[in-house]
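Enquirer: I'd like to ask some things about the structure below.
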Amino acid sequence: MRIRPTLLLAGLLTAVSTPASAHLLGMHGAGFEAGVAHPFSGLDHLFAMLAVGIWAAQQGGRALWAIPLAFVGTLVAGGLLAINGIHLPLVEPGIAASLLVLGLLIATSARLPVSAGAALVGLFALWHGHAHGTELPEAASPAGYAIGFVIASVALHGIGILLGRRIHAAALPWQKFAGGLISATGMWLLLAS
């Protein structure tokens, strides 16, 4: 069986991620490089970013760009809420739930109107952004960290889109496997939070 480069990349990204939540690990001295590295450091972030791209690729059309852009825009908004001291409830469970739901959407190849899909991922991104916004004041370079995190998130969405196209072209069992893996990770994190 031939291993496709995109699937190999996804496997490598998963292998270098830690299984636990990657929040509040102490960001003293962090800057741009730490921001770039952070989305790759935990399964919650890695799988969420990839899942958004995979699901956007399944949707196709305008959703291909609208869904990831909604996520990134709301990610920034969530970070700004946290920086300004606005508390958001259930951040860690919300992040875990985002994996559970996105995984189910991928596994079932669910189609939503573009606006509904963008709103849904926007809600999830609010939690992801808030978690990172709480870390920013500890960073040596909050702006650098935020820029790095956004760039890495966009890159992971792009990898997710490529992966989603490969999975879609391969066969339905790959969609169910990818979605099931993401959803199971979300359930595991929900139970652990």
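The values are calculated or read from the model by the stated rules, or taken from the named source; none is laboratory data. Since this is a predicted model, take the numbers as computed values, not measurements. Every residue, glycine among them, receives a Cβ derived from its backbone with ideal geometry; neighbour counts consider all protein chains shown.
Enquirer: Of Gly180, Gly158, which residue is small (Gly, Ala, Ser) and either closer than 18 Å to His45 by Cβ or in contact with a strand residue (DSSP E or B) (Cβ under 8 Å, 6 or more places away or on another chain) (or both)?
Expert: Working: Gly180 fails: either closer than 18 Å to His45 by Cβ or in contact with a strand residue (DSSP E or B) (Cβ under 8 Å, 6 or more places away or on another chain) (or both).
None of the others qualify; the one that does is Gly158.
Enquirer: Starting from residues that are surrounded by fewer than 20 Cβ atoms within 10 Å (Cβ to Cβ) and without any contact (Cβ under 8 Å) to a residue 60 or more places away in the chain, keep the ones in the stretch 123-150 and report whichever is nearest to Leu50 (Cα to Cα).
Expert: In this case the residue turns out to be Leu123.
Enquirer: Can you name the residue in the stretch 158-169 that is more than 21 Å from Phe71 (Cα to Cα) and in contact (Cβ under 8 Å) with a residue 12 or more places away in the chain and, of all such residues, is surrounded by the most Cβ atoms within 10 Å (Cβ to Cβ)?
Expert: Checked the stretch 158-169; the qualifying residue surrounded by the most Cβ atoms within 10 Å (Cβ to Cβ) is Ile167.
Enquirer: Does Pro68 satisfy being at pLDDT 95 or above, out of contact with any helix residue (DSSP H, G or I) (no Cβ under 8 Å at 6 or more places or on another chain) and of a type outside the set (Asp, Glu)?
Expert: Working: at pLDDT 95 or above: yes; out of contact with any helix residue (DSSP H, G or I) (no Cβ under 8 Å at 6 or more places or on another chain): no; of a type outside the set (Asp, Glu): yes.
No: the conditions fail for Pro68.
Enquirer: Conditions first: (1) touching a Pro at 6+ places or on another chain (Cβ under 9 Å); (2) modelled with pLDDT under 95; (3) among the hydroxyl-bearing types (Ser, Thr, Tyr). Ser153 passes all but one, so which condition is the exception?
Expert: Ser153 satisfies all of (1) touching a Pro at 6+ places or on another chain (Cβ under 9 Å); (2) modelled with pLDDT under 95; (3) among the hydroxyl-bearing types (Ser, Thr, Tyr) except (2).
Enquirer: Among the residues of the stretch 134-176, which ones are under 15 Å from Ile83 (Cα atoms) and not in a helix (DSSP H, G or I)?
Expert: Thr134, Glu135, Ala139, Ala140, Ser141
Enquirer: Follow-up. Among the residues of the stretch 138-178, which ones are out of contact with any helix residue (DSSP H, G or I) (no Cβ under 8 Å at 6 or more places or on another chain) and under 20 Å from His128 (Cβ atoms)?
Expert: Correct list: Glu138, Ala143, Ala155.
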